Amino acid sequence: MTKENMAVNRETFDQVILPVYAPAQFVPVKGQGSRVWDQQGKEYVDFSGGIAVTALGHCHPALVETLKAQGETLWHTSNVFTNEPALRLASKLIKATFAERVFFANSGAEANEAAFKLARYYSSVRHSPYKTKIIAFHHAFHGRTLFTVSVGGQPKYSDGFGPKPADIVHVPFNDLDAVKAVIDDHTCAIVLEPIQGEGGIMPATQEFIQGLRELCDQHHALLVMDEVQSGMGRSGKLFAYEHYEVKPDILTTAKALGGGFPVSAMLTTHEIASAMTPGTHGTTYGGNPLACAIAETALDVINTPEVLQGVEQRRQWFVEELEKMNQRFSLFTEIRGKGLLIGAELKDELKPKARDLLHAAADQGVMILTAGNGVIRFAPSLVITEQDIREGMARLTAAAEALFG
Ligand SMILES: Cc1ncc(COP(=O)(O)O)c(C=O)c1O
């Protein structure tokens, strides 16, 4: 049977895919900019951005051009050989950030796994093998490997999989006193998302991040920032840590780094990186030339004043429309986030309806996300047009009317 005559649809999902997802009832087949079409030809405005991944929209011409050019040049070498796109991308990430060394992987979880292993390894080599405690936060999300679900602050993702990596402590986010109560000289790292994403679009406060930096310095612990969701321009700066003027020791990025092509990176300093030697960590695909070429183009396009400065204006259009919706239907208690990572928290009595709103939105032709407990999340393209925002919000308003009107 050829690809062309093999009919697949949403029902096929239930027959062939591990049931760990509950995807929408429609199957997208094509995307262009911030519009997507499904198998029936119905068109959607995409405010979900593949969960903060397609930061330049679908099939951005510069990314398509790079994909084609690199696809005809060199796809893969493994790490037995280095390659030009990886070396260029690493150099550009270093130039744009606090970092001096880069490790490439393929997903956010893998970049975080590398970050947590590095924090433990560095502390063991430079300080003491007993310096292993990791402090992390309730509602945090860092990925789905056993180490990353364990550092994540949501037991529903980590329970049931057997013994967890030990010496990980969770405290409330944005609560510096709680961190002070548990940090000691056996702490190797504090791990946080500067803007909690999956947990409900919750930005860290300035005092919190600054306080964490000071505590880390006092206890020779590393400050690890997971910018898998908040990075690559999403907050209006290349990385969200720049808003706080506090530098991490280790930073992870994924999602928008490849604009839709799987690639991730862990960034750190020369001093911390120097604890590692050949063989202490690795991955076959990490730093693959095809992935790195695309990420280099994504970085070149995103890390420009045009794109970064456009984020705030687009946020304002979203917030304006959300406030209008709120005046009409009285849905939200708070609209928060930074840049184009926007969370609108539903009133308590409407929280159980978050997924209904998502389905009603799809019926009206707009793709949105949820996060945390009853938060409607928007993570659209950073270059979405005003017209797409207004049209998508009109469709979302129609969905709210259908559900709550
Ligand atoms: C902050 C954060 N860290 C890590 C991850 C995991 O990334 P991936 O799904 O690419 O492994 C996510 C994914 O949602 C995330 O939002």
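The values are calculated or read from the model by the stated rules, or taken from the named source; none is laboratory data. On a predicted model such as this, the values are computed, not experimentally measured, just so you know. Note that each Cβ is placed from the backbone with ideal geometry, even for glycine, and that neighbours are counted across all protein chains shown. Ligands, DNA and RNA are excluded from the accessible area calculation, which covers all protein heavy atoms including side chains. Shrake-Rupley method; radii C 1.70, N 1.55, O 1.52, S 1.80 Å.
Couple of notes before you dig in:
- Ratio of Rg to Rh over the stretch 38-143 (Cα coordinates, Kirkwood Rh, two decimals): 1.06
- Protein accessible area in the stretch 268-405, 1.4 Å probe - carbon and sulfur %: 47 percent
- Kirkwood radius, the stretch 24-85, all distinct C-alpha pairs, inverse of mean reciprocal distance: 13.8 Å.
- With the cut-off at under 15 Å, measuring from each backbone N in the stretch 114-131 to a point 7 Å along the Cα-to-Cβ line of His220 picks out 120-131.
- Value of [θ]222 nm, deg cm²/dmol, for the chain, DSSP H segments ≥ 4, -39500 (n - 2.57) each, nearest 500: -12000 deg cm²/dmol
- Sorted largest first by accessible area at a 1.4 angstrom probe radius, with every protein chain in place, the residues Glu312, Glu43, Glu306 fall in the order Glu306, Glu312, Glu43.
- Solvent exposure ordering (accessible area, 1.4 Å, most first) of Lys247, Lys353: Lys247, Lys353
- With every protein chain in place, the stretch 1-159: carbon and sulfur % of accessible area (1.4 Å): 59 percent
- Burial ranking of peptide ranges 141-150, 174-183 (average Cβ count within 10 Å, highest at the top): 141-150, 174-183
- Note: the stretch 353-405, Cα convex hull, 66 Å³ per residue.
- Debye intensity ratio I(q)/I(0), log10, the stretch 173-328, q values 0.08, 0.10, 0.12 Å⁻¹ (C-alpha model): -0.29, -0.45, -0.64
- The equivalent ellipsoid that matches the C-alpha gyration tensor of the chain spans semi-axes of 34, 27, 20 angstrom, in descending order.
- Spin-label pair Lys117/Gln313, simplified geometry with 7 Å Cα→Cβ offset, distance in nm: 4.4 nm
- Cα gyration tensor, the stretch 124-241 - rounded (a/c under 1.5), prolate or oblate: oblate
- Charge dipole (Cα centre; +1 on Lys/Arg Cβ, -1 on Asp/Glu Cβ; no other charges) of the chain amounts to roughly 400 debye.
- Dipole of the stretch 152-207, positive direction: furthest Cα of Leu192, Gly152, Pro172, with charges on the beta-carbon: Gly152
- Centroid-to-centroid, using Cα positions, the stretch 246-315 and the stretch 25-63 are 23 Å apart.
- Averaged over residues, the count of other Cβ atoms within 10 Å places the peptides 71-84, 225-238 in the sequence 225-238, 71-84, highest first.
- The figure for Asp14 is an accessible area of roughly 110 square angstrom, using a 1.4 Å probe on the protein chains alone.
- Per residue accessible area of the stretch 125-177, 1.4 Å probe, in Å²: 51 Å²
- Among the listed pairs Lys117/Lys255; Lys3/Lys255; Lys131/Lys338; Lys247/Lys347; Lys117/Lys237; Lys30/Lys237, a Cα-Cα separation exceeding 26 Å is found for Lys3/Lys255; Lys131/Lys338; Lys247/Lys347; Lys117/Lys237; Lys30/Lys237.
- Note, ³J(HN,Hα) from phi for the stretch 118-127, Karplus 6.51, -1.76, 1.60, rounded to Hz, x at Gly and Pro: 4, 4, 5, 5, 4, 5, 5, 6, 8, 10
- Summing Cβ point charges (Lys, Arg +1; Asp, Glu -1) relative to the Cα centre of the stretch 246-399 gives a dipole of roughly 340 debye.
- Dipole of the chain computed with +1 at Lys/Arg Cβ and -1 at Asp/Glu Cβ about the Cα centre; of Ser34, Leu118, His58, farthest Cα towards the positive end is Leu118.
- Placing a label point 7 Å from the Cα of His76 along the Cα-to-Cβ direction, none of the residues of the stretch 247-268 has a backbone N under 12 Å of that point.
- Residue-level accessible surface for Arg328, protein heavy atoms, 1.4 Å, Å²: 140 Å²
- Accessible heavy-atom area order of Tyr121, Tyr157, highest first, probe of 1.4 Å: Tyr121, Tyr157
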